[in-house]
Amino acid sequence: RSAMSPAAVARGLALAALLVLSPAGATRQARRPNVVLILTDDQDVCLGGMTPLKKTNALIAQMGITFLNAYVPSALCCPSRASILTGKYPHNHHVVNNTLEGNCSSKLWQKIQEPYTFPALLKTMCGYQTFFAGKYLNEYGAEDAGGVGHVPPGWSFWYALEKNSKYYNYTLSVNGKARRHGENYSVDYLTDVLANMSLDFLEYKSNFEPFFMMVSTPAPHSPWTAAPQYTKSFQNVSAPRNSNFNIHGKNKHWLIRQAKTPMTNSSIQFLDDAYRKRWQTLLSVDDLVEKLVKKLELNGELDNTYIFYTSDNGYHTGQFSLPIDKRQLYEFDIKVPLLVRGPGIKPNQTSKMLVANIDLGPTILDIAGYDLNKTQMDGMSLLPLLRGDKNVTWRSDFLVEYQGEGYNGSDPTCPGLGPGVTHCFPDCVCEDSYNNTYACVRTLSTSWDLQYCEFDDREVFVEVYNLTADPHQINNIAKTIDQEILEKMNYRLMMLQSCSGATCRTPGVFDPGYRFDPRLMFSNHGVRARRFSARSL
């Protein structure tokens with residue numbers, strides 16, 4: 001177990017002296033809330049992803065609030081995690097995919113974005129002790145970007161996974177020193193290792209400063225390795241056969257149309273197996289949550305601690321005949337669980353407000369008492385919603401954006417498809433391509449539940465869904481919806497694609513305060529705006 005550093009001990013002694021000299025002030029300082037953020041990897045909410053987590057439901061959801069409309073601005077690990085850390089949309093943090101070239105944990109990211117993440121502000125400006133354990137960004141630890149010796153600013157204790165999710169045979173950066181793990185369940189199973197390191201931190205941390213913990217599990221990401229006691233669980237479970245399962249994605253972008261329908265029996269067997277194993281891995285996350293909550297209770301800290309539970313993106317298993325993955329624009333990939341308990345949050349609540357993971361940073365800084373006007377974040381603090389404030393003015397839309405990944409050459413699995421595709425399955429159904437590049441306005445207002453998307457491809461393809469009538473997004477209504485709505489959505493999309501900070505929080509198309517200002521079309525992304533506005537919709 002790691003003992004406290006001499007610096008931490010010294011800080012503790014200094015604060016203890018303050019406590020003696022100025023009890024009222026110090027007590028007020030000591031009462032600032034702690035925050036725990038539990039982040040899973042690829043956990044959906046639309047297809048039953050929360051079902052296995054009985055203890056998490058009882059200890060967080062039933063003791064607090066569940067956000068029924070929580071989304072990510074990009075349905076892929078690295079861009080989404082960068083949005084959590086920075087409170088920014090991808091076009092402002094510039095992490096566009098999971099590669100170093102896509103700015104995932106690159107030197108540029110380290111220089112320009114990392115110093116201003118919300119944990120860095122918590123530590124330097126708010127005096128929080130900060131703890132990270134688990135998967136950080138997919139390319140973290142890459143030799144070209146400083147290896148595991150790089151510890152991002154803002155973390156007092158750093159236990160980060162090198163590269164992408166694994167359960168065994170991985171390397172951790174322990175405060176910048178590489179520590180190799182093998183395949184012995186009792187000492188190496190990553191979800192349990194994260195739980196134990198978290199408990200150690202709660203045991204040995206300073207009691208004179210508030211703390212922030214971010215615990216980022218590998219589950220339920222592939223390779224879906226369950227703990228041995230859970231490998232026989234959910235034997236009769238299979239992926240949900242909802243109305244968009246194993247159907248042809250007609251009237252959709254070419255990447256969706258290329259999926260083979262009906263899927264082969266081997267594809268269906270594969271995705272059912274993946275679905276079952278994903279649930280099995282989540283049982284260890286459920287155990288982790290229980291251990292953390294019990295330890296906080298034992299320490300007498302639970303009542304003064306906010307606990308957030310969420311995922312970096314959703315997932316699909318057979319929707320529109322795409323076997324398994326994320327990164328598409330549909331609800332199953334962009335919608336995530338978000339549960340919160342903590343001081344002042346009434347138990348057993350649900351909220352239908354439209355929230356996004358860019359809101360987590362502003363919320364946690366707000367909890368810590370930091371002035372959000374000093375940040376460049378695009379998101380909004382959820383604290384008024386958590387407290388149940390009346391008459392809160394809230395957003396009615398947000399931006400989804402993704403830049404597709406594709407090989408310059410042909411995918412070796414499917415050479416016949418030519419260059420530009422990637423993540424292909426043996427039956428040559430590909431989950432991504434370089435022109436799977438899109439931006440959407442997702443609207444949820446009192447009168448509209450709508451998604452408007454444009455692709456940056458030769459077709460400049462448009463997809464529009466009315467989710468009130470069509471919750472599974474089967475019918476693309478781009479050619480039949482009212483022309484005026486299309487034009488307003490096109491303008492709103494251009495505005496959001498060039499927004500920054502407060503301009504990302506302006507009224508949406510169906511809000512009473514909405515105003516169309518043509519001048520906004522030509523700021524920042526003027527070329528893109530002109531190209532889109534010149535074409536007929």
| Tyr168 label point, 7 Å along Cα→Cβ, cut-off 19 Å on backbone N: hits in region 258-296? | 274, 277-285
| task | May I ask you to derive the relative contact order of the chain, considering only C-alpha pairs under 8 Å and at least 6 residues apart, and to give it as an integer percent? | result | 19
| request: Place the peptides 362-372, 344-354 in order of packing, highest mean first, counting for every residue the other Cβ atoms within 10 Å and averaging per peptide. | output: 362-372, 344-354
| field | Computed accessible area, Phe234, all protein chains, 1.4 angstrom probe, square angstrom | value | 60
| request: Quote to one decimal, in nm, the extra length available between Asn175 and Asp427 on full extension: 0.36 nm per residue of separation minus the C-alpha distance between them. | output: 86.3 nm
| task | Calculate how steeply helix 483-497 sits against the longest principal axis of the alpha-carbon atoms of the chain, using the helix alpha-carbon long axis, and give the answer as 0 to 90 degrees to the nearest 10. | result | 40
| task | For the chain, find the longest principal axis of its Cα atoms and tell me its angle to the long axis of helix 190-204, 0 to 90°, nearest 10. | result | 30
| query | Which far-off residues, 5 or more places away or on another chain, put their amide H under 5 Å from the one on Ala356, with H placed in the peptide plane? | reply | Tyr71
| note | Non-local residues with an amide H under 5 Å from the amide H of Ser321, with H modelled 1.01 Å from N and Pro and chain starts lacking one, are Asn246, Ile247
| said: If I model a spin label at Arg31 and Trp448 as a point 7 Å from the Cα along the Cα→Cβ vector, what separation in nanometres do I get? | reply: 4.5
| said: As I understand it, the value is the acute angle between the Cα axis of helix 77-86 and the longest principal axis of the Cα atoms of the chain; what does it come to in degrees, rounded to 10? | reply: 50
| request: Find, among the trypsin sites (Lys or Arg not before Pro) in region 231-269, those assigned to loop by DSSP (not H, G, I, E, B) with at most 10 other beta-carbon atoms within 10 angstrom. | output: Lys232, Arg241
| request: Could you calculate the FRET efficiency of Arg387 with Ala469 from 1/(1 + (r/R0)^6), where r is the beta carbon distance between them and R0 is 51 Å, rounded to 0.05? | output: 0.90
| task | Amide H neighbours of Ser311 under 5 Å, at least 5 residues apart or on other chains, H built in the peptide plane: list them. | result | Thr40
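Within region 432-488, report the GluC sites (Glu not before Pro) that DSSP leaves as loop and that have at most 12 other Cβ atoms within 10 Å.
Glu459
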| said: Need one value: the accessible area of Trp224 in square angstrom, 1.4 angstrom probe, rounded to the nearest 10. | reply: 40
| request: Kindly write out, for region 155-170 in residue order, the coupling ³J(HN,Hα) from the Karplus curve 6.51 cos²θ - 1.76 cosθ + 1.60 (θ = phi - 60°), rounded to whole Hz, with x marking Gly and Pro. | output: 10, 6, 10, 10, 10, 10, 6, 6, 6, 8, 4, 9, 10, 9, 6, 10
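Filter the cross-link list Lys260/Lys479; Lys335/Lys479; Lys55/Lys260; Lys107/Lys488; Lys123/Lys277; Lys277/Lys479 down to pairs whose alpha-carbon distance in this structure exceeds 32 Å.
Pairs exceeding 32 Å: Lys55/Lys260; Lys107/Lys488; Lys123/Lys277; Lys277/Lys479.
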| field | Area accessible to solvent at Phe398, 1.4 Å probe radius, in Å² | value | 0
| field | Residue among Phe201, Asn391, Phe131 farthest towards the positive dipole end of region 34-391, charges placed on Cβ | value | Asn391
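With each run of n ≥ 4 DSSP H residues scored as -39500 (n - 2.57), what mean residue ellipticity at 222 nm is computed for the chain after dividing by its residue count and rounding to the nearest 500 deg cm²/dmol?
Details: 15 runs with 151 residues, N = 537.
Helix-only estimate at 222 nm: -8500 deg cm²/dmol.
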| query | If you stretched the chain out fully between Asn207 and Thr99, how much longer would it get, using 0.36 nm times the residue separation minus the C-alpha to C-alpha distance? | reply | 34.9 nm
| task | Of the DSSP beta bridges with both residues in region 34-391, give the percent that are antiparallel, rounding to the nearest 5. | result | 35
| By accessible area with a 1.4 Å probe, ligands and nucleic acids excluded, highest first: order of Arg81, Arg31, Arg387 | Arg31, Arg387, Arg81
| request: Specify whether the C-alpha gyration tensor of region 34-391 places it in the rounded, prolate or oblate class, a ≥ b ≥ c being the square roots of the eigenvalues: rounded for a/c under 1.5, otherwise prolate if a/b is larger than b/c and oblate if not. | output: rounded
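The values are calculated or read from the model by the stated rules, or taken from the named source; none is laboratory data. Keep in mind that this is a model prediction, so the values were computed, not measured. Counting neighbours? That spans all protein chains shown, and the Cβs are built from the backbone with ideal geometry, glycine included. Heavy atoms of the whole protein, side chains included, go into the accessibility calculation; ligands, DNA and RNA do not. Shrake-Rupley method; radii C 1.70, N 1.55, O 1.52, S 1.80 Å.
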